[in-house]
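The values are calculated or read from the model by the stated rules, or taken from the named source; none is laboratory data. Treat the numbers as computed from the prediction; the structure is a model and nothing was measured. Here Cβ is always computed from backbone atoms with ideal geometry, including for glycine, and neighbour counts include all displayed protein chains.
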Amino acid sequence: MKEDLDQSTRNRIMQMLKTSGELTAKELTDQLGITGMAVRRHISNLERDDLIESTTIRLPMGRPAAVYRLTARADDYFPKKYHTVALDLLTELEDEAGESMVNLLFERRKATLLKRYETKMAGKELDAKVAALSDIQNENGYMATWEQDSEDEFRLTEYNCPISQVAGKYKQACACELKLFESLLGAEVTRSDCLASGDRKCVYHIRKQ
């Protein structure tokens, strides 16, 4: 119960700073209706998590006071619906120019990502390439892990798909990702599980060519 209450207060502080821009500890205390000590504890935890930051200002009367604001990292705390915008734009594009244009768009995205990441694969053996690909996917929010199944076979598993809503409607997204992995790794890549198709994870099986 206490943990739920703490989380609720933490959420309220974040929402208040989002709408107000900056607030002092006293202003937070007055609006929340809890003790100053409790507010300071929440502030300390939010600063520790790099969700809020402070600067000191001089007040017309009394001692200087710290004012708190959200950090850039806190922006990820609030819900986003980028997939809705992406789906709307893709639907508009398909209605206006046809499916071939959607296919071209995904192919261009694959080419862009290949150009962006191929230097990270240069000169590496396949195991090092798989490790680098796992790091790339983790940086992009895919919660990826990898392991070696045999001398010539590897497995890359992704437990999250940031574009699953888009991929659920436009299978080109998954097809282009598979081709991208093949190009980056210089290997044969197959997929046995897919989040966009309702599985619990995406599983890629990688074999030396």
Helices (runs of 4 or more DSSP H) wholly inside the stretch 125-209 containing at least 1 residues that are in contact with a Cys (Cβ under 9 Å, 6 or more places away or on another chain): 164-169, 172-185
Total residues in the stretch 157-209, condition of a type in the set (Phe, Trp, Tyr) and modelled with pLDDT of 95 or more: 2
Residue that is among the charged types (D, E, K, R), touching a Leu at 6+ places or on another chain (Cβ under 8 Å) and in contact (Cβ under 8 Å) with a residue 12 or more places away in the chain, where the choices are Glu158, Glu153: Glu158
Wholly within the stretch 2-98, helices (runs of 4 or more DSSP H) carrying at least 1 residues that are in contact with a helix residue (DSSP H, G or I) (Cβ under 9 Å, 6 or more places away or on another chain), β-branched (Val, Ile, Thr) and exposed (fewer than 14 other Cβ atoms within 10 Å of the Cβ): 82-97
Residue count for the stretch 179-192, restricted to those that are surrounded by 15 or more Cβ atoms within 10 Å (Cβ to Cβ) and either closer than 21 Å to His83 by Cβ or free of Cβ contacts under 8 Å to residues at least 60 places away in the same chain (or both): 5
Whichever residue in the stretch 152-192 is within 20 Å of the chain's Cα centre (by Cα) and of a type in the set (Val, Ile, Thr) and, among such residues, is nearest to Asn103 (Cα to Cα): Val166
Any hit, the stretch 89-104, residues being in contact (Cβ under 8 Å) with a residue 24 or more places away in the chain and farther than 20 Å from Ala167 by Cα: no
Number of the condition not met by Ala167 [criteria: (1) surrounded by 18 or more Cβ atoms within 10 Å (Cβ to Cβ); (2) in contact with a strand residue (DSSP E or B) (Cβ under 9 Å, 6 or more places away or on another chain)]: (2)
Check on Leu104, at pLDDT 90 or above, in the same structural domain as Ala173 (by TED's automatic domain parsing) and either more than 30 Å from Glu177 (Cβ to Cβ) or part of a helix (DSSP H, G or I) (or both): yes
